[in-house]
Amino acid sequence: MDILNALVALLNYVIIPATSYGSQLALGALGVTLIYGILRFSNFAHGDTMAFGTAIAILFTWLFQSMGIGLGPLPTALLALPFAIAVTAALLLLTDRAVYRFYRKKKAVPVILVIVSMGVMFIMNGLTRFIIGTQDRNFDDGRRFIINALEFRKATGLHEGLALRTSSLITVVTAVIVVALLFWFLNRTRTGKSMRAFSDNEDLALLSGINPERVVTVTWIIVAALAATAGVLYGLDKSFSPFTYFQLLLPIFASAVVGGLGNPLGAIAGGFIVAFSEVGFTYAWRKVLSYLLPMSLMPHGLVQPLGTDYKFAVSFVILVIVLLFRPTGLFRGKSA
Amino acid sequence: MTSTLRPILLFAAVSAVYLIVGFAQSWPLCLTILNDGLIVAVMALGVNLQWGYAGLFNIGVAGFFGLGGLGVVLISMPIDGATWAAGTPRILFAFAVGAAAIYAAVKAHRNMAPSFLRHLTVVIVLIAGFFLFRFLADPAIEAVEAVTPASTGNIGGLGLPVLLSWLAAGALAAGAAWAVAKTALGLRSDYLAIATLGIGQIIIAILMNEDWLDRGVKNIIGIGRWPVPREVSLQQAPWFNSFAHYMGTDVRTASTVFVGACFAVLFVAVLLILLTLAELSLNSPWGRMMRAIRDNEHAAEAMGKDVKRRHLQIFVLGSAVIGIAGALYVMLHGLMAPQSYNDPLRYTFLIWAMVILGGSGNNWGAVLGALIIMLLWDEAESVGPAILGFITEPMAAGALKQHLIDSAVQMRLPLVGLVLLLVLRFSPRGLIPEK
């Protein structure tokens, strides 16, 4: 019984939150990794792209709410997501035409593009704050729980309650669908294959008649879809504020780098590695241990290796360790 | 000729705009912006050392800036006997033990043959060190924080003069930079950027959460500012009252302006000293070597230059300068408010925009860029709503109009971004290009 209780507590406080957070990170890291693979720079504006997409989704959510359109138990934001993706894609394509294309034509060194993306970051960040303000926003209007802790306790007779939030399930299901679509696109369609060819060897791809502008355009559209989806899922799961999204940049980059920049599979694995380490290190294990250990062996304190305020330290340490000991990432990405 | 005339004209133009702010708006505002501008100019010098001289991509600026503030707190705040009795020595001991564990792990990694045993040793030493550190530090921290938590609850300082703390601020930031550089400096530029971003966020998280160190979000007030007088004591001094009367202003405004001017003189002196040192180093053999390394690392290495050591050196130096700026900032406000550093756009990326605008690699350019961008940034707060009010004049009053006017101040972000992008596109070498 105690082992079951411990298992439920583990599920409740570690596995479920880390899985949904990992899916969100994976989607974000996929965007970063695609830009790195195709456009060959680290996009510092990615966190703000996610914030922009989410802000647009919130605006559409409000519009649908005022029109009385909803999805029943599901949050209205899911209905708003396609519109948010469209607007974000338009913004990214506009940015590409106005800003990035010039440097691409000039074949500027990557570090210049990184600084350019800093400028874009300022503009997008300001735009988002201008559109929706700086405060925390909660826009989840669906049913909150699929499994309620209280009902679970009643039904099973366990001491520990299991709560499965709708947003967690939506996150994981959506992430699986998006990733499946992405991989199908990259591996099965002509455009997807030309993208991979372009990423592997630009000169060879150009020689075989692949249109680079087309590849870049498609990449930005996919990145917009990934960023807006990741942003909306994160916002549904927690809440939305422009600054939090900016701060996601570090764990997202850590995820992309751990898996190997430029490698989509690596980005997904990296997202889950970072999420599970972050949650694992900042969780107070006392509760789980209290079911497993006899009272006499119970350690003092919360058994929390790190305060939640230091969750960034976890991403950072993972990032630095991987970069120092295996710079191409676990899955052999592009960068040396 | 034009190359020497251009900076002079640009500086004259910027000075004129600051004067216009003084005459058209108010002198306190002008001096506030100027003092902000001088502090960020010091920061920009530090970033320019790292990026302009050596091509090192540091976006953890806010963290080193905050550490500078911590340096002031630890040096200039009075000695707190109660917390020393409660547990400060034990905290210091815990840190020594933690450092020893890290040192042992590094030594083990370096001296043992690559094998599974080596990994195991390193991991065990680190984990054991971590738990030993927590075991030693946790009770002591609890005890220190329990000492009059409403007013202090931190380890206090050494009670030394605040001017001395500038050096300590620089040293603290330099020490942190050394630790960062030892781990991350070998990384490629954009990885180094991400790593420094992480370090910056971690430092700020520490400043915000470790109450025993600097009271965290509860802030520390009453930081010394000698030799600058306090407004209140000026307002009470008879000579100042007659001075204000002679100038034809009320005493309050006069004291604000006087104090602001004192700070400005002090900051200009600091800035000029650092600027002179930076210029001298840039034109020395050392500076030429730095630029040679930046422009072609492999060629410099082939010429026998120790690239790694030079990078370490300049990273530490640049961070020390940023730390000194942090000390000036805390002194200006008489307040250590760690929460305010938690804004990388303002304290990191804005500085980058200044360096790029001024001309990376040029110290005068960095200063000029700092004065311009700070003016833009601070004025957006006071003029922004008025401009948007003017633009939205024909609109009907309502929620949208109010929203536009309320969020006018946010427009400074896209404005800075736009400036940055325009400079990168049309004048990538900045306003005062590197010679």
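None of the figures in this text is laboratory data; all of them are computed from the coordinates on show. As the structure is a prediction and not an experimental result, all values here were calculated from the model. Don't worry about glycine lacking a Cβ; one is built from the backbone with ideal geometry, like all the others, and counts go over all protein chains shown.
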Once each part is reduced to its C-alpha centroid, what is the distance from the range B:287-303 to the range B:104-139 in angstrom? 37 Å
Could you list B:Asp250, A:Asp140 in order of exposure, starting from the residue whose Cβ has the fewest other Cβ atoms within 10 Å? B:Asp250, A:Asp140
Sorted by Cβ density within 10 Å, fewest first, the residues A:Thr229, B:Thr249, A:Thr166: B:Thr249, A:Thr166, A:Thr229
Quick one: 3J(HN,Hα) in Hz for the range A:220-228, Karplus 6.51/-1.76/1.60 with θ = phi - 60°, rounded, Gly and Pro as x. 4, 5, 5, 4, 4, 4, 5, 5, 5
So which of A:Lys311/B:Lys218; A:Lys238/A:Lys311; A:Lys107/B:Lys182; B:Lys107/B:Lys182 end up more than 23 Å apart, counting from Cα to Cα? A:Lys107/B:Lys182
Partner aspartates and glutamates whose C-alpha sits under 16 Å from that of B:Lys435, ignoring same-chain residues fewer than 8 away, are B:Glu279, B:Asp295
Among B:Tyr246, B:Leu163, B:Phe349, the residue whose Cα sits farthest towards the positive end of the charge dipole of the protein assembly as shown (+1 at Cβ of Lys and Arg, -1 at Cβ of Asp and Glu, taken about the Cα centre) is B:Phe349
Just to check I understand the Karplus step: with θ = phi - 60° and J = 6.51 cos²θ - 1.76 cosθ + 1.60, what whole-Hz values come out for the range A:32-47, glycine and proline as x? 4, 5, 5, 4, 5, x, 8, 9, 6, 8, 8, 8, 6, 8, 5, x
For the range B:65-81 and the range A:37-93, what is the centre-to-centre distance using only Cα atoms, to the nearest Å? 45 Å
For a test of the definition: using alpha carbon positions, the gyration tensor, and the 1.5 limit on a/c, classify the protein assembly as shown as rounded, prolate or oblate. rounded
Out of B:Gly52, B:Gly304, B:Gly170, a Gaussian network model of chain B with alpha-carbon springs under 10 Å gives the largest mean-square fluctuation to B:Gly304
Give me the number: length gained by fully extending A:His159 to A:Trp62, i.e. 0.36 nm times residue separation minus the C-alpha to C-alpha distance, one decimal in nm. 30.9 nm
Sort B:Cys30, B:Cys262 so that the residue with the fewest other Cβ atoms within 10 Å of its own Cβ comes first and the one with the most comes last. B:Cys262, B:Cys30
Mean separation of Cα contacts under 8 Å, 6 or more apart, over the residue count of chain A: relative contact order %: 32 percent
Give the residue list of GluC sites (Glu not before Pro) in the range B:209-306 that are DSSP loop and have at most 11 other beta-carbon atoms within 10 angstrom. none
Rounded if a/c under 1.5, otherwise prolate or oblate - the range A:108-236, Cα gyration tensor axes: oblate
Low-density loop cleavage sites - trypsin sites (Lys or Arg not before Pro) in the range A:81-116, where at most 11 other Cβ are within 10 Å (DSSP): A:Lys107
Which ³J(HN,Hα) values, rounded to whole Hz and listed in residue order, are derived for the range B:4-14 from phi using the Karplus coefficients 6.51, -1.76 and 1.60 in 6.51 cos²θ - 1.76 cosθ + 1.60 with θ = phi - 60°, glycine and proline given as x? 8, 6, 4, x, 4, 4, 5, 5, 4, 5, 5
What does the extension gain come out to for A:Gln304 and A:Ser208, with contour length at 0.36 nm per residue minus their alpha carbon separation? 29.0 nm
Gap in Å between the Cα centre of the range A:96-170 and the Cα centre of the range B:183-197? 25 Å
Among the aspartates and glutamates, which fall within straight-line cross-link reach of A:Lys106, defined as a Cα-Cα distance under 16 Å, with same-chain neighbours fewer than 8 residues apart omitted? A:Asp96, A:Glu202, A:Asp203, A:Glu213
Which residues qualify? For A:Arg137, with a placed amide H closer than 5 Å and at least 5 residues away or on another chain, they are A:Phe240, A:Ser241
Amide H proximity to A:Ile147 below 5 Å, modelled H, separation 5+ or other chain, gives A:Leu164
As an exercise, identify the trypsin sites (Lys or Arg not before Pro) in the range A:108-175 lying in DSSP coil whose Cβ has no more than 13 other Cβ atoms within 10 Å. A:Arg143, A:Arg144
Using a 10 Å cut-off on Cβ atoms, rank the peptides A:70-83, A:212-225, A:36-49, A:190-203 from the highest mean neighbour count down. A:36-49, A:212-225, A:70-83, A:190-203
Non-local amide H neighbours of A:Leu71 (under 5 Å, H modeled in plane, Pro and chain starts lacking H): which ones? A:Thr76
What is the range B:86-203 by shape, rounded, prolate or oblate, if you read a ≥ b ≥ c off the alpha carbon gyration tensor as root eigenvalues and call it rounded for a/c under 1.5, prolate for a/b larger than b/c, and oblate otherwise? oblate
Once the piece of chain linking A:Leu169 and A:Arg143 is laid out straight, how much longer is it, given 0.36 nm per residue of separation minus the C-alpha distance between them? 8.2 nm
Would you mind checking the tilt of helix A:249-259 against the longest principal axis of the Cα atoms of chain A, expressed as 0 to 90 degrees and rounded to 10? 80 degrees
Let me check against my output: what whole-number percent is the relative contact order of the range A:105-238, with C-alpha pairs under 8 Å and at least 6 apart? 20 percent
Dipole magnitude of chain B about its Cα centre, charges +1 at Lys/Arg Cβ and -1 at Asp/Glu Cβ only, in debye to the nearest 20? 1240 debye
How much mean residue ellipticity at 222 nm does the protein assembly as shown get from its helices, if each DSSP H run of length 4 or more adds -39500 (n - 2.57) and you divide by all residues, to the nearest 500 deg cm²/dmol? -23500 deg cm²/dmol
Count, for each residue of B:425-431, the Cβ atoms from other chains sitting within 10 Å of its Cβ, then give me the mean as a whole number. 1
